[in-house]
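Below is one structure, written out as structure tokens; comments come after it.
The values are calculated or read from the model by the stated rules, or taken from the named source; none is laboratory data. Everything numeric in this text was worked out from a predicted model, so none of it was measured. When we count neighbours, we look across all protein chains shown, and the Cβ atoms used for this are built from the backbone with ideal geometry, even at glycine.
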Amino acid sequence: MSTEPVDDPIFELRMYSVAPGRMKDMTSRVRQDLSTLLPRHGIHPLAAWTVDAGPGVPLFAYLTPWRRMQQRSRAWADFYADPAWLEARARTNAGSELVESFEVLFLREIKGWTPRAQDAAPRLVELVVQATAVGQGTAVRQQILEAAVPALQAAGACVHGVFDVISGRPLPCAVFVIGWDSAAQRESALDHATVAPLLKRADRYLMRDLPVAWEEPQ
């Protein structure tokens, strides 16, 4: 009998509260240090963003897939113990903490991840953390896939992904990652907060893609 652990795919959304006036330092840390250090320990983000508007800004966010929680726990333990990270953290803090706090949301996929095309122009990205109806998980997923996502797409949005939140916020709730061509397009689009009646109050974050040359997996 195989003893190989069973895969249980999850996603990890990390949102860092950046010290005021230090977003440039944060993006430099990511591009110059974390782009190599994270992949070295098996951490391969799908996308990264600077957050310009929303609760708690300034924020930096990124999304990482995992095959199972044990893989994630081992990778982060190895990363935090790496002397190269300790050196990079001290250097890029430059005498005061660059990150004031951070939030971690664990997610399961509702709609598969669609990345931004490599040659596509930068888009406005909207992260929506949306409360959903209690005890209606199956119906919520159905309304997201059959009503909310098609309505967003009809309004011109690229729905990069939709996720069920399993930990990190008061439950139940869902996360949408939505790409818009412009703020004007978003403002004139359908009110996607109320497309489906089982979707409730939402926290909204307006973000910009941060292109990062992540080291390729070995």
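Descriptive notes on the structure:
- Some residue of the range 46-57 being part of a helix (DSSP H, G or I) and either of a type in the set (A, V, I, L, M) or modelled with pLDDT of 95 or more (or both): no
- For the range 91-130, filtering for residues that are farther than 19 Å from Ala61 by Cβ and either modelled with pLDDT under 95 or out of contact with any strand residue (DSSP E or B) (no Cβ under 9 Å at 6 or more places or on another chain) (or both) leaves 10.
- The single condition from (1) of a type in the set (Gly, Ala, Ser); (2) surrounded by 17 or more Cβ atoms within 10 Å (Cβ to Cβ); (3) more than 20 Å from Leu63 (Cα to Cα) that Ala157 fails is (3).
- Single match in Thr50, Thr27 (criterion: crowded, with 16+ Cβ neighbours inside 10 Å, within 26 Å of Gln130 (Cβ to Cβ), polar (S, T, N, Q) and in contact (Cβ under 8 Å) with a residue 12 or more places away in the chain): Thr50
- Condition met for Glu109 (exposed (fewer than 15 other Cβ atoms within 10 Å of the Cβ) and part of a helix (DSSP H, G or I)): no
- Contacts under 8 angstrom Cβ, first residue in the range 199-212 being within 21 Å of Asp181 (Cα to Cα), partner crowded, with 17+ Cβ neighbours inside 10 Å and basic (Lys, Arg), 6 or more apart: Asp209/Arg123
- Any hit, the range 162-169, residues being among the aromatic types (Phe, Trp, Tyr), modelled with pLDDT of 95 or more and either outside any loop (DSSP other than H, G, I, E, B) or more than 29 Å from Arg72 (Cβ to Cβ) (or both): yes
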